[in-house]
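Trainee: Below is one structure. I have some questions about it.
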Amino acid sequence: MQPLSLSAIPLPIHEQAMRLAMAAACTNPLFPFGAVILPAADGQVMAIGANNRRANPILHGEIVAINDYVAWHGNQG
């Protein structure tokens, strides 16, 4: 599988992802970091995460999003 150039992803999909990540970040005003996982092809949201360092210092938004993905879709690539 070849890496996908970010410029090949349509701008509306980038914008949607950023809006969702920012909305997730707003749920934690003290540590406002959010992340989303979505395929570049269609922009369908597969997982969302917000920083949750109060519960565990490892739970950055990206890690929470990965855990959310695994919870919904299983441990598959």
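No lab work stands behind these numbers, since they all come straight from the coordinates. Keep in mind that what you see is a predicted model, and the values were worked out from it rather than measured. Cβ atoms come from the backbone with ideal geometry, glycine included; neighbour counts cover every protein chain shown.
Trainee: Tell me whether the stretch 62-74 contains one or more residues that are in a loop (DSSP other than H, G, I, E, B) and touching a residue at least 12 places away in the same chain (Cβ under 8 Å).
Mentor: The answer is no; no qualifying residue exists.
Trainee: Which number in (1) among the hydrophobic types (A, V, I, L, M, F, W, C); (2) farther than 22 Å from Asn75 by Cβ; (3) surrounded by 12 or more Cβ atoms within 10 Å (Cβ to Cβ) marks the one condition that Cys26 misses?
Mentor: (3)
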